[in-house]
Amino acid sequence: MQIPAQITIVDVAMRKTIADTLGNAVLEYGDTIKFAIKIFNQGSLPIDSLVINDSIPNGYTFVTPSGAINQGWVLNVNEANYTWGRTPMDTLESGDSAIVCIWLQVNSVAAGMSADYTNRAEISKAYGLGGVDVSSQDIDSPLNDNYGDNGGGNPGSPADDAVTGNGTGAPGTSVPGTDQDNADPAQLNIVDVALRKTVADTLGNAVLEYGDTIKFAIKVFNQGSVSIDSLVINDTIPNGYTFVTPSGAINQGWVLVAMKPIIPGAGRRWILCCQETVLPCAYG
């Protein structure tokens with residue numbers, strides 16, 4: 001009589017996606033987003049329970065649990081934790097999957113601060129029947145709560161949402177076959193540019209007189225999650241200022257454009273961006 005030998009394999013995985021913007025076709029700061037975390041048992045060992053860690057980076061706020069929203073999640077500073085499974089009926093058998101959702105609010109950030117808008121989750125613990133900790137036995141990606149050591153995971157790449165990788169890739173890479181399958185990001189594409197304009201230099205003039213030159217600094221900020229390749233800045237030149245003719249490093253790249261009068265007889269409106277202007281009159 002032959003008795004078949006069965007190899008016990010522990011292999012849990014997850015896929016994280018944006019499930020719902022809750023009716024907001026165009027998102028604004030303050031809106032809530034529902035993220036779905038789908039967990040998979042790709043091994044042969046039934047999973048009794050597991051722990052999901054979810055990072056809450058700058059730009060998101062955890063929504064206070066109410067009704068079905070965020071029930072079971074426990075907030076700990078910039079991370080929320082969820083323990084899936086507590087009853088025999090919740091056992092994740094081989095080949096099974098389940099979905100856990102988390103709700104986060106989208107927020108703006110202060111000028112000069114970075115906002116990732118990439119919400120990452122990972123399975124940090126897994127327990128077999130009887131509550132035996134099998135976290136270190138995962139066949140391709142040992143479980144932990146360190147977001148920085150997860151192979152692959154480049155948002156929007158082929159590695160994003162992959163659940164069959166072996167975890168051997170470098171963090172942030174894009175190859176699905178080497179992606180860590182028990183961790184996954186979901187990135188919200190946010191476009192948010194801002195600027196701050198200041199008087200940077202009076203070019204040695206402690207007391208300004210008509211005809212003196214002032215250097216204005218315009219600092220632009222990318223407060224969103226989408227890289228900005230280029231942008232156009234418009235700068236008004238009101239009565240009392242004159243644009244300095246480009247020379248050397250002064251005003252290079254700036255284009256002076258004369259607009260038609262907004263109201264007949266009211267004069268002209270000049271639109272441009274400049275760093276150097278002449279001050280014919282000391283206006284505030």
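The values are calculated or read from the model by the stated rules, or taken from the named source; none is laboratory data. For clarity, every value in this text was computed on a predicted model and none was experimentally measured. Virtual Cβ from ideal backbone geometry, glycine too; neighbours counted across all protein chains shown.
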Query raised in the report: Among Asp54, Asp31, Asp20, Asp48, which is the only one that is of a type in the set (Asp, Glu), buried (at least 20 other Cβ atoms within 10 Å of the Cβ) and closer than 22 Å to Val106 by Cβ?
Result: Asp54
Query - Unique residue being under 19 Å from Phe40 (Cβ atoms), surrounded by 22 or more Cβ atoms within 10 Å (Cβ to Cβ) and out of contact with any Phe, Trp or Tyr (no Cβ under 8 Å at 6 or more places or on another chain) when the list is Gly151, Gly128 - result: Gly151
Query raised in the report: Of the numbered conditions (1) among the aromatic types (Phe, Trp, Tyr); (2) over 25 Å from Ser225 (Cα atoms); (3) within 24 Å of the chain's Cα centre (by Cα), Tyr127 satisfies every one except a single condition; which is it?
Result: (3)
**Report entry** strands (runs of 3 or more DSSP E) fully within the stretch 5-66 counting 2 or more residues that are of a type outside the set (Lys, Arg) and within 15 Å of Ser124 (Cα to Cα)
**Finding:** 12-20, 32-41, 47-55
Report summary line: Out of (1) in contact with a strand residue (DSSP E or B) (Cβ under 9 Å, 6 or more places away or on another chain); (2) not in a strand (DSSP E or B), the one Val207 does not meet is (1)
Report summary line: Flagged pairs (Cβ under 8 angstrom, 6 or more apart or on separate chains; first in the stretch 228-252, more than 16 Å from Lys197 (Cβ to Cβ) and modelled with pLDDT of 85 or more; second surrounded by 14 or more Cβ atoms within 10 Å (Cβ to Cβ) and among the basic types (Lys, Arg)) are none
Query raised in the report: So which residues in the stretch 67-107 are among the charged types (D, E, K, R) and assigned to a loop (DSSP other than H, G, I, E, B), if there are any at all?
Result: Arg86, Glu93, Asp96
